[in-house]
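**Student:** Can you keep this structure in mind? I'll have questions shortly.
The values are calculated or read from the model by the stated rules, or taken from the named source; none is laboratory data. As the structure is a computational prediction, the values presented were derived from the model and not from experiment. When we count neighbours, we look across all protein chains shown, and the Cβ atoms used for this are built from the backbone with ideal geometry, even at glycine.
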Amino acid sequence: MIYLDHNATTPVRPEVVEAMLPFLRQEYGNPSSVYFLGQKARRAVESSREAVADLIGAKDSQEIVFASCGSEANAMAVFGAAYGRNHGRPHFVTSAVEHPSVLKAFEILQRRGMEVGFAGADPFGKVSPREVESLTQERTVLVSVMHANNEVGTIEPVEEIAEICRARGVLFHTDAVQSAGKIPIQAEDWGLDLLSLSGHKLNAPKGIGALYVRRGVSLEPLIPGKQEKNRRGGTQNVAAIVGLGEACRLAKKELAGHHQKLLKLRRALERGILKKVKGARLNGDPEGRLPNTAHFSFESLEGHNLVVALDLQGLCVSGGPACSSGAPEPSHVLKAMGVPDSFIRGSVRFSLGWGSTEEEIERALEVVPQAVEQLRQAGVA
Ligand code: PLP
């Protein structure tokens, strides 16, 4: 099997499994308990909190709140900001290329009578800070623009947007689920207020995420309770938190080397596909893009059919948005970028990760052009 779908999920690294095991076996204490077993769990949770803070450049580990996944962290930011405002009709700004967990949260707010402005994207998938600025109003309480796009990998100008928000006294949230662990993040220096990340996108297990909440920012909790300093109730998932912490430590240590390696592999893949497959177009920003993400549109081809054909050859790639693969729908991201419908249908995303090798890319470059050719010849493209 060749796994090139790391934006959907990643394998859990062996070091992460090792770090977690004691907390699934003998160290089963509740971090809120006062006796030694609980305190051991609490220390492990706090050490992970520091590792997460360190990875994203937070100043204080207490700015990290653990959640069950990236989607929950996004919901905590959007609903938490909305429900914390009791007077007036709050207004929000987001972009058309956000992950569904963000877009659907804003749809709910709209159904409850709140107003949301949507910034578009340019043909590379980039959101314009000027457009975000023009959409903000006196009543705007939160702007949410993702750090890196899950489909095409485009990196958004979050530092600039954060500056605009700061100047206007508006909270700024970024969904960094796809960027955390892949490219550097400086939450404090960039002036971010809220940032979401997810364990399973950076070689930790599924079912764990975190929200960075800048000191002094207050959100209405989605799950009331005393844990996480009253910000997210529910007994912490200690083993998963320990796994996330270990994954963050490894990611931080290896970030620069990993980035170079992925970039080299991704470029080889891109060059090969563009050379060997007729009617292939590479989507996303040519420069400001995640080092692991190569998103193609193939003319006269159904992306879903290619994903199935590649699966038969042992190659795992994605034909649609990460979390809704299997239910191919026209991508809202490609639509917002103005990609023609005929190309949107033939979209396939390759996302590399920890463990991806040159041999795998070479093999992919044999298999993909053959599969495209066969589908086109068979007329089931
Ligand atoms: N945000 C982005 C950009 C994502 O790519 C994803 C998952 O694909 C999520 C949020 C949701 O993360 P989780 O699966 O942890 O809920």
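**Student:** Evaluate the stretch 14-25: report whether one residue or more is over 29 Å from VAL152 (Cβ atoms), out of contact with any His (no Cβ under 8 Å at 6 or more places or on another chain) and not in a helix (DSSP H, G or I). Give the derivation first.
**Tutor:** First, the residues of the stretch 14-25 that are over 29 Å from VAL152 (Cβ atoms): 14-15, 17-25.
Add one more test, that the residue is out of contact with any His (no Cβ under 8 Å at 6 or more places or on another chain), and what stays is 14-15, 17-25.
Right, trim to not in a helix (DSSP H, G or I) and you get 25.
Scanning the stretch 14-25 turns up at least one residue that is over 29 Å from VAL152 (Cβ atoms), out of contact with any His (no Cβ under 8 Å at 6 or more places or on another chain) and not in a helix (DSSP H, G or I).
**Student:** Do we find that GLY338 is at pLDDT 95 or above, in contact with a Pro (Cβ under 6 Å, 6 or more places away or on another chain) and over 24 Å from HIS259 (Cβ atoms) in this structure?
**Tutor:** Details: at pLDDT 95 or above: yes; in contact with a Pro (Cβ under 6 Å, 6 or more places away or on another chain): yes; over 24 Å from HIS259 (Cβ atoms): yes.
Yes; evaluated as a whole, the condition is true for this residue.
**Student:** Here's a follow-up. Residues of the stretch 231-248 being surrounded by fewer than 20 Cβ atoms within 10 Å (Cβ to Cβ) and on the phi < 0 side of the Ramachandran plot, which ones? So that I can check it myself, show each step before the final result.
**Tutor:** Within the stretch 231-248, the subset surrounded by fewer than 20 Cβ atoms within 10 Å (Cβ to Cβ) is 233-235, 237.
Residues satisfying the conditions are GLY233, THR235, ASN237.
**Student:** Based on what the data block shows, is CYS248 at pLDDT below 95, under 19 Å from the mean Cα position of the chain (by Cα) and assigned to a helix (DSSP H, G or I)? Please lay out each step first, then the result.
**Tutor:** Values: at pLDDT below 95: no; under 19 Å from the mean Cα position of the chain (by Cα): yes; assigned to a helix (DSSP H, G or I): yes.
So CYS248 fails the test.
**Student:** Sticking with this one: In contact with a strand residue (DSSP E or B) (Cβ under 7 Å, 6 or more places away or on another chain) and within 16 Å of the ligand (Cβ to nearest atom): does that describe THR140?
**Tutor:** Details: in contact with a strand residue (DSSP E or B) (Cβ under 7 Å, 6 or more places away or on another chain): yes; within 16 Å of the ligand (Cβ to nearest atom): no.
No: the conditions fail for THR140.
**Student:** Which residues, counting only those in the stretch 157-193, are of a type outside the set (Val, Ile, Thr), within 16 Å of the ligand (Cβ to nearest atom) and closer than 21 Å to ALA247 by Cβ?
**Tutor:** Correct list: ASP175, ALA176, GLN178, SER179, ALA180, GLY181, LYS182, LEU192.
**Student:** Can I ask one more? Working only within the stretch 104-113, note down all residues that are at pLDDT 95 or above and either surrounded by fewer than 20 Cβ atoms within 10 Å (Cβ to Cβ) or more than 16 Å from the ligand (Cβ to nearest atom) (or both). Full working, then the answer.
**Tutor:** Of the residues in the stretch 104-113, the ones at pLDDT 95 or above are 104-111.
Correct list: LYS104, GLU107, ILE108, LEU109, GLN110, ARG111.
**Student:** Please enumerate the residues belonging to the stretch 137-173 that are crowded, with 24+ Cβ neighbours inside 10 Å and not hydrophobic (A, V, I, L, M, F, W, C).
**Tutor:** SER144, HIS147, ASN149, ASN150, GLU151, GLY153, THR154, GLU156, HIS173 - these are the residues of the stretch 137-173 that are crowded, with 24+ Cβ neighbours inside 10 Å and not hydrophobic (A, V, I, L, M, F, W, C).
**Student:** Between a residue in the stretch 67-89 that is more than 15 Å from the ligand (Cβ to nearest atom) and any residue that is assigned to a helix (DSSP H, G or I) and not polar (S, T, N, Q), which pairs come within a Cβ distance under 6 Å, given they are 6 or more apart or on different chains?
**Tutor:** ALA82/LEU109
**Student:** Considering PHE36, PHE23, which residue is within 27 Å of the chain's Cα centre (by Cα) and either closer than 24 Å to SER196 by Cα or of a type in the set (A, V, I, L, M, F, W, C) (or both)?
**Tutor:** Details: PHE36 fails: within 27 Å of the chain's Cα centre (by Cα).
After applying the criteria, what remains is PHE23.
**Student:** Residue under question is ALA294, and the condition is that it be farther than 29 Å from LEU171 by Cα, in contact with a helix residue (DSSP H, G or I) (Cβ under 6 Å, 6 or more places away or on another chain) and assigned to a strand (DSSP E or B); does it hold? Working first, answer last.
**Tutor:** Numbers: farther than 29 Å from LEU171 by Cα: yes; in contact with a helix residue (DSSP H, G or I) (Cβ under 6 Å, 6 or more places away or on another chain): yes; assigned to a strand (DSSP E or B): yes.
Considered against the rule, which asks whether it is farther than 29 Å from LEU171 by Cα, in contact with a helix residue (DSSP H, G or I) (Cβ under 6 Å, 6 or more places away or on another chain) and assigned to a strand (DSSP E or B), ALA294 comes out as yes.
**Student:** Can you tell me which residues in the stretch 328-358 are surrounded by fewer than 16 Cβ atoms within 10 Å (Cβ to Cβ) and basic (Lys, Arg)?
**Tutor:** Result: LYS335, single match.
**Student:** What helices (runs of 4 or more DSSP H), lying completely within the stretch 327-381, carry at least 2 residues that are under 28 Å from GLU254 (Cβ atoms)?
**Tutor:** On the way: elements: 332-336, 341-345, 358-378.
Here the list reads 358-378.
**Student:** While we're on this one: Collect the residues in the stretch 211-230 that are among the β-branched types (Val, Ile, Thr) and surrounded by fewer than 20 Cβ atoms within 10 Å (Cβ to Cβ), keeping them in residue-number order. Break it down into steps so the answer makes sense when it comes.
**Tutor:** Looking only at the stretch 211-230, we keep the residues that are among the β-branched types (Val, Ile, Thr), and these are 213, 217, 223.
Correct list: VAL217, ILE223.
**Student:** Among the residues of the stretch 251-283, write down those that are under 19 Å from the mean Cα position of the chain (by Cα), surrounded by 18 or more Cβ atoms within 10 Å (Cβ to Cβ) and under 18 Å from THR10 (Cα atoms).
**Tutor:** Once the filter is applied, which keeps residues that are under 19 Å from the mean Cα position of the chain (by Cα), surrounded by 18 or more Cβ atoms within 10 Å (Cβ to Cβ) and under 18 Å from THR10 (Cα atoms), the stretch 251-283 yields ALA251, HIS258, LEU262, ARG266.
**Student:** Moving on. Output the residues belonging to the stretch 334-381 that are within 30 Å of SER128 (Cβ to Cβ) and over 26 Å from the mean Cα position of the chain (by Cα).
**Tutor:** Matches in the stretch 334-381: SER342 only.
**Student:** Are there any pairs with C-beta distances below 9 angstrom linking a residue in the stretch 128-146 that is closer than 22 Å to GLY288 by Cβ and touching a residue at least 60 places away in the same chain (Cβ under 8 Å) to a residue that is buried (at least 19 other Cβ atoms within 10 Å of the Cβ) and small (Gly, Ala, Ser), with the two at least 6 apart or on different chains, and if so which?
**Tutor:** Close Cβ pairs (under 9 Å, with a partner that is buried (at least 19 other Cβ atoms within 10 Å of the Cβ) and small (Gly, Ala, Ser)) amount to SER144/ALA77; SER144/ALA81; SER144/SER95; SER144/ALA105.
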